[in-house]
Structure formats: structure tokens, C-alpha cells
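This report refers to the structure that appears directly beneath it.
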Amino acid sequence: MTRNCWTENFPSSSNDYTKSFRKKGLIFHRPCHIGDEWAVPVGVPSIFAPFFLMYDRLRQLQKKIILDIEGDTDEWFMKLIRHEAAHSHA
């Protein structure tokens, strides 16, 4: 399933990752922000997701130029946000 409006889905998706961690006994929450790529900056306990996921037009441009949209599907998005969440606690 491709995301239609990332800005609407992002908060619920970020909550989904914390719910999935809680099910495994891990309780924490990192705020999510928009950045230029998937990242957790050094010294900042936050997750940054790429700005091009915000709008359909930017995703289309990303796909046309780069041929890939990292985190475009719900499953892939959740995998990446969990990965970045782990970095935020390292």
C-alpha cells in the first residue's frame, strides 16, 4: 500500500512503532521530524524522516530521478522508523 498523504499518516505510523515496541516490553517514544533523509542526528534523541515523503508530487519526482522512494510503503516505512528508533537509543 502506497502512502497517499504522508503528513496525515506520519503521526499514526510513529505511534504504531511505539505500540509494536511496547508489545515486546520496550517502552519509549522518540519525536519524529521532517529532514532531508532518514536519520538520527548525533546528540538529538529524535527521528528524522525524508521531506519527499510528505507530498505525492515530491515522491513522484524522487522516483523519477532516483528510481526509488525509501519508505514509501507502510511496511517499509515502519521498518525504517523502527531502525532509526534503535539508533536514537544507542
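The values are calculated or read from the model by the stated rules, or taken from the named source; none is laboratory data. Bear in mind the structure is a predicted one, so any value in this text is a computation, not a measurement. No Cβ is skipped: glycine too gets one built from the backbone with ideal geometry, and neighbour counts run over all protein chains shown.
Okay, here's what the table says:
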| quantity | calculated |
| --- | --- |
| Condition broken by Ile47, with the remaining ones in (1) hydrophobic (A, V, I, L, M, F, W, C); (2) modelled with pLDDT of 90 or more; (3) touching a Lys or Arg at 6+ places or on another chain (Cβ under 6 Å) satisfied | (2) |
| Number of positions in the range 46-90 that are surrounded by 13 or more Cβ atoms within 10 Å (Cβ to Cβ), out of contact with any His (no Cβ under 8 Å at 6 or more places or on another chain) and in a loop (DSSP other than H, G, I, E, B) | 6 |
| Some residue of the range 53-69 being at pLDDT below 85, on the phi > 0 side of the Ramachandran plot and not charged (D, E, K, R) | no |
